[in-house]
Amino acid sequence: MQRQSVHIAWAVLSAGYTSCIYFISLLLHIPFALTVILALLAGSVLYIFLRKQLQTATPALQATNKTLLLFAGLLILLTGAALFLMPAQPAWDAYAIWNFHARYLEQPDQWKQLFRNGKFSHPDYPALLPSGIAFVRRLTGRETESVAFAIAALTTLLVPVWLFWETSAKNLWVAVVVMASFALTPCYIQEGLSQYADTLLAMYFMGALICMQQYHTSRQPVYILLCTAMLGCAVWTKNEGIMLAGIFTLFYIKTLFRHRLQAMAGILPFLVVLLVYKSYAPANDLVQGQQGGAISKLTDWSRYREIGAYFLFKLNNGFYLLKIAVLLYTVHCIIKRQWPSQAMLMLATCFAGYCMVYVLTPNDLAWHLGTSADRLVHQLLPAAMYIIATDLSARLMKRSQQ
Amino acid sequence: MGTRLTSILLLACTGTLLYGYHQKKSHRDTETDRLRAPFAQLAALLPANATIYVHCDPAYLETYMHIRYLMAPRTLLYAADTATDTTLFIWPATAPAAPGDHTLWYYTDNVYDYALTIRPR
């Protein structure tokens, strides 16, 4: 793992732990000053642990001047594109869900009132982002919207930056193409700056894949702990994270079971906090809305056609670079007569899982697709780019060695 | 060097985006911005644990969402029939007012045309 990657992993996991600590502090009426100390302590312990473990795990790779220059140029390009494309206000669900929940979690005495807002507010959604916003809001005194935007901006930039450093260790030019493709995908930037939780979920899911990949390279169990902690953060970010973490666990069950202690240590704190949170929250509307009729929906082929056509439309209009990358990857696999990598098959299963949610949705299908399908593609985009870039870099490396 | 440069650049770029957002925000005229002042007044009159039942024409759902956001942590329950001390109505500006109604906010443009009325029970 690149030195920069280790620091990014530390930062994003610290954010996850801080969010958990803040929520627990609300629950146990812990004074805010003590909460800040506990969050700092958790970050420091994680830093010491990572530094100690990872220094022995992998050699720190030094970036060359050329790499740094290319990185700086690409980050400026990404920022420029974001400045041009950024919306002037939070998107609908930020007002209705994420920032709205944060406004309750900012109030140590009133936060439980959040769960009374059943209509259009989805109080069952996990609270990594709202707790994080509430924590920073109370720490800095800045208004909710500014804090939410700052978190959204940092996350939107962090995903391509992390991908760049992870990929540049294997192939610099693949890393450049990957980072540039994010700057050239307006949908990614707009979605990222809309103050939703999808970019955070995408980042943690990609982080879990990066850590698993690192484990396969180095065989150091510390990466299993980091991997499951990333999955824990994904689970604590959005309900979709539960499905993504479940599919991830199924695909890597052997590895995770071999290091079950590390795996449990990583994910358990987040699962406990999620369970406590869910014990206050009402049932999920999609689960609650299932009143029979599942079989007829499953056998209604027109629903599959509609879902397929909509995703194709989205890929053609918003995420065409992802479409090209996936197509090239598929063609390459066919020509070489190779199976896609395990990670790619896992990602395809996640996508199929999302499609099944649409097949079974109790809501109007067209409305449900129109309001959320692009976000689901957004959630899988960084992981897909990481897998394609890693596979491509590995094959280019193999060819140059031959 | 690489880690330090990455951190500095990331923070600088995030700061730039935040500055850009504030510039855009200062020039915007969204519904939340228009509603902020009257609802700050209303919020100041109500305790933080207050519950308000909102009778809202579905056409004004977005307005309801913005008001709910601005009034948090007070609870604004949607389209409830339960009688409480105060009810907030979001309805067309042309709707007849009942005796005792207090119009808190009236807005009309090419798209929206509504009144927000408090009716004491």
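The values are calculated or read from the model by the stated rules, or taken from the named source; none is laboratory data. If you're wondering where the values come from, they're calculated on a predicted model, not measured in any experiment. Cβ sites come from the backbone with ideal geometry, for glycine too, and all protein chains shown count toward neighbours.
Quick notes on this structure:
Yes/no matrix, rows are residues, columns are (1) buried (at least 16 other Cβ atoms within 10 Å of the Cβ); (2) more than 10 Å from chain A (Cβ to nearest Cβ); (3) more than 16 Å from the chain's Cα centre (by Cα); (4) over 30 Å from A:ASN65 (Cβ atoms):
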| site | (1), (2), (3), (4) |
| --- | --- |
| B:THR3 | yes, no, yes, no |
| B:SER7 | no, no, yes, no |
| B:THR16 | yes, no, yes, no |
| B:GLY20 | yes, no, yes, no |
| B:GLU31 | yes, no, no, yes |
| B:LEU46 | no, yes, no, yes |
| B:ASN49 | no, no, yes, yes |
| B:HIS55 | yes, yes, no, yes |
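- Candidates A:VAL331, A:VAL377, filtered to the one that is part of a helix (DSSP H, G or I), loosely packed, with under 15 Cβ neighbours inside 10 Å and not acidic (Asp, Glu): A:VAL331
- The helices (runs of 4 or more DSSP H) found entirely in segment A:218-291 that carry 2 or more residues being of a type outside the set (A, V, I, L, M), touching a helix residue (DSSP H, G or I) at 6+ places or on another chain (Cβ under 8 Å) and within 24 Å of A:PHE120 (Cα to Cα) are A:239-251, A:260-280.
- Qualifying residues in segment A:92-137 (those that are touching a residue at least 60 places away in the same chain (Cβ under 8 Å) and surrounded by fewer than 19 Cβ atoms within 10 Å (Cβ to Cβ)) - the one nearest to B:ASP29 (Cα to Cα): A:GLY118
- Consider segment A:350-369 and keep the residues that are in a helix (DSSP H, G or I) and free of Cβ contacts under 8 Å to residues at least 24 places away in the same chain. The one that is farthest from the chain's Cα centre (by Cα) is A:TRP367.
- Flag for A:GLY192 being within 11 Å of chain B (Cβ to nearest Cβ) and touching a helix residue (DSSP H, G or I) at 6+ places or on another chain (Cβ under 9 Å): yes
- Extreme residue, nearest to A:GLY293 (Cα to Cα), among residues of segment A:352-370 that are among the aromatic types (Phe, Trp, Tyr) and surrounded by 17 or more Cβ atoms within 10 Å (Cβ to Cβ): A:TYR358
- Counting the residues of segment A:232-273 that are closer than 18 Å to A:VAL222 by Cα and in contact (Cβ under 8 Å) with a residue 12 or more places away in the chain gives 17.
- Taking the criterion of being touching a Leu at 6+ places or on another chain (Cβ under 7 Å) and at pLDDT below 95, the only residue of segment A:199-221 that qualifies is A:CYS211.
- Counting only residues that are under 19 Å from A:VAL272 (Cβ atoms) and either under 11 Å from the mean Cα position of the chain (by Cα) or of a type in the set (Phe, Trp, Tyr) (or both), segment A:221-231 holds 2 of them.
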